[in-house]
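Written below as structure tokens is the structure these notes are about.
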Amino acid sequence: MAAARRLSWLLSRSLSSHPAGAASLLHSLGRNSGGWTNINRFSTAAAVEDLITPQVSIRYTQHLINGQFVDAASGKTFPTYDPRSGEVIANVAEGDIEDINRAVSAARRAFDEGPWPKMTAYERSRILLRFADLVEKHSDELAALETWNNGKTYEQAAKAELPMLVRLFHYYAGWADKIHGLTVPADGDYHVQTLHEPIGVAGQIIPWNFPLLMFAWKVGPALACGNTIVLKTAEQTPLTALFVAKLFHEAGLPEGVLNVVSGYGPTAGAALASHMDVDKLAFTGSTDTGKVVLELAARSNLKPVTLELGGKSPFIVCEDADVDKAVELAHFALFFNQGQCCCAGSRTFVHENVYDEFLEKSKKRALRRVVGDPFRKGVEQGPQIDVEQFEKVLRYIRSGIESSATLECGGDRLGSKGFFVQPTVFSNVQDDMLIAQDEIFGPVQSILKFKDIDEVIGRANKTRYGLAAGVFTKKVSTANTLMRALRAGTVWINCFDVFDAAIPFGGYKMSGIGREKGIYSLHNYLQVKAVVSPLNNPAWL
């Protein structure tokens with residue numbers, strides 16, 4: 001229960017509670033302008049120059065194949081970096097085609113010949129639960145490693161993401177012995193049943209923005225259904241996936257069931273997506289890369305693919321909104337995780353009657369945002385993941401300025417080292433600007449004005465994406481209209497980024513195919529087989 005409460009603090013930013021309670025909560029998470037010492041606002045660079053040395057060691061840098069840590073077949077390694085400074089943390093085995101082949105062979109043997117698919121579902125469930133217990137035991141170390149390799153705040157990793165990872169595996173452990181088929185009535189003297197069978201070897205490619213959570217979203221349902229896995233980490237953030245995979249083996253997972261290969265997309269990722277002995281593929285990342293993954297899967301053995309891709313989610317502030325609460329929620333919806341969130345509320349639509357007040361308060365909130373070393377208590381925003389993403393964000397900021405959007409605050413790097421970007425707010429943003437169309441994946445808020453509900457529905461839906469949307473209103477009728485009209489996989493009403501193990505997540509249009517989490521995610525990893533046999537003189541049909 002304590003973990004669930006900590007999770008709701010950060011990921012369920014509903015502001016419908018008593019104002020005093022909300023203020024206390026925001027203060028505890030460093031969201032107020034006061035209350036912390038030795039923390040500089042983004043207007044100065046000191047907070048990003050004096051970095052804390054993480055108290056965690058790098059244990060695992062090799063591939064995990066068939067239960068053993070092994071070097072890359074080529075002997076190559078690649079550096080993984082600390083985004084706070086751009087300095088190398090460790091050199092990690094660089095996977096290629098041969099490493100993927102070895103991992104897939106191990107997964108295939110484990111599925112065809114090993115004990116995992118033949119275990120009772122209850123036995124599989126117990127291994128998942130033991131793994132969750134081990135994650136809790138090592139949660140401080142894992143949170144520190146996640147922050148060091150990714151740049152997200154330690155407070156977010158420790159208080160929200162690690163408890164959520166544990167909750168996800170408890171959830172899927174609970175499903176393991178509840179997966180079953182049906183008895184189907186049919187015309188004629190036949191007994192008909194369906195079997196829900198594991199699909200086989202699952203290839204999984206996870207992104208860098210939530211390394212541990214994406215590990216859980218992919219691995220949890222696949223293992224609960226009795227599959228074996230080859231998982232490719234993001235090259236930017238390989239360290240925590242290797243650590244938790246080791247914990248799985250300590251929990252009793254048989255060799256070859258979970259294999260982890262680190263490497264680059266065009267080599268290791270492409271080899272996994274096109275492998276003829278992989279039965280199913282799951283990918284989370286950009287829409288452009290998702291297209292490539294889908295094509296590779298189709299051109300090989302036509303393996304089924306689930307995709308969780310990009311977004312340009314609208315956050316709609318209606319005329320009746322409590323502006324102060326709407327400002328805080330919209331700020332969280334965009335700036336959470338340094339803006340590196342596929343469902344970020346990156347198009348803030350505000351009704352014209354409250355636009356000016358909302359804009360002024362949003363600017364002040366961004367100026368109060370605490371940017372600095374993510375290991376420091378009270379810091380709200382760390383660095384972007386790497387130099388490529390850092391430069392991409394700055395290019396979009398320049399594009400906004402050149403397109404005649406009004407830069408209200410921010411707009412530049414922060415400090416002289418690492419990949420820190422000032423919290424940035426644009427007003428007078430138009431729908432045809434790149435900052436209103438493209439997924440920036442950074443701390444850049446675009447605030448747009450609208451006149452009425454019909455107008456904002458049309459504009460919100462006029463995008464190639466459809467991952468999520470937010471609505472802020474006091475009127476039930478307005479909420480009902482918008483929740484049905486918005487073409488998005490998730491619509492949050494008076495809240496945002498509420499993630500629960502049971503809530504499905506996925507997108508419309510070019511935001512993906514299929515759903516993660518909840519019962520729907522199990523469907524991705526099961527085959528349905530119909531079995532028909534004749535009945536002789538049945539007592540009933």
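The values are calculated or read from the model by the stated rules, or taken from the named source; none is laboratory data. Everything numeric here is computed off the predicted structure, so don't read it as measured data. Methodologically, a virtual Cβ is constructed for each residue, glycine included, from the backbone with ideal geometry; neighbour enumeration extends over all protein chains shown. Protein only, heavy atoms only, side chains kept; ligands, DNA and RNA dropped before computing areas. Shrake-Rupley method; radii C 1.70, N 1.55, O 1.52, S 1.80 Å.
Values computed for the structure shown
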item	result
Structure-based [θ]222 nm, the chain - -39500 (n - 2.57) summed over DSSP H runs of at least 4, per residue, nearest 500	-11000 deg cm²/dmol
Within straight-line cross-link reach of Lys118, lysines at Cα separation under 16 Å, skipping those fewer than 8 residues along the same chain	Lys178
Rough spin-label spacing in nm, given labels placed 7 Å along Cα→Cβ, for Glu136 and Met119	1.9 nm
Percent of C-alpha pairs per 10 Å bin, the range 320-438, short to long	13, 46, 34, 7, 0
For the range 42-135, average projected area of the Cα convex hull in nm²	9.6 nm²
Principal axis dimensions, the chain - Cα atoms, whole angstrom, descending	76, 57, 44
Normalised alpha carbon radius of gyration of the range 148-212 [divisor 2.2 N^0.38 Å]	1.87
Entries in Lys218/Lys246; Lys152/Lys377; Lys377/Lys417; Lys218/Lys529; Lys218/Lys392 that, when Cα-Cα distance is taken, lie over 18 Å	Lys377/Lys417; Lys218/Lys529; Lys218/Lys392
DSSP beta bridge pairing in the chain, given as percent antiparallel to the nearest 5	45 percent
Summed residue charge, Cβ within 11 Å of Asn101's Cβ, Lys/Arg positive, Asp/Glu negative	-2
Hydrodynamic radius of the range 237-339 per Kirkwood, over alpha carbon pairs, in Å	17.1 Å
Accessible-area order (highest first, 1.4 angstrom probe) of the listed residues His523, His191	His523, His191
The range 321-394 versus the range 412-479: alpha-carbon centroid distance in Å	10 Å
Most to least accessible of Leu541, Leu359 (protein chains only, probe 1.4 Å)	Leu541, Leu359
Coarse-grained scattering of the range 467-541 at q = 0.16, 0.23, 0.27 Å⁻¹, given as base-10 log I(q)/I(0) from a Debye sum over alpha-carbon atoms	-0.69, -1.09, -1.22
Solvent-accessible ranking of Arg347, Arg464, largest area first, probe 1.4 Å	Arg464, Arg347
Length released on extending from Ala502 to Arg299, taking residue separation times 0.36 nm less the Cα-Cα span	69.7 nm
Two-decimal ratio, the range 282-354, of alpha-carbon radius of gyration to 2.2 N^0.38 Å	1.56
Portion, in percent, of the accessible area of the chain that falls on carbon or sulfur, probe 1.4 Å	52 percent
Per residue, in Å², the accessible surface of the chain once ligands and nucleic acids are set aside, probe 1.4 Å	39 Å²
Evaluated at q = 0.09, 0.14, 0.20 Å⁻¹: base-10 log I(q)/I(0), Debye formula over Cα of the range 80-235	-0.39, -0.83, -1.30
Full-stretch length increase - Glu357, Ser477 - with 0.36 nm per residue and alpha-carbon distance subtracted	40.8 nm
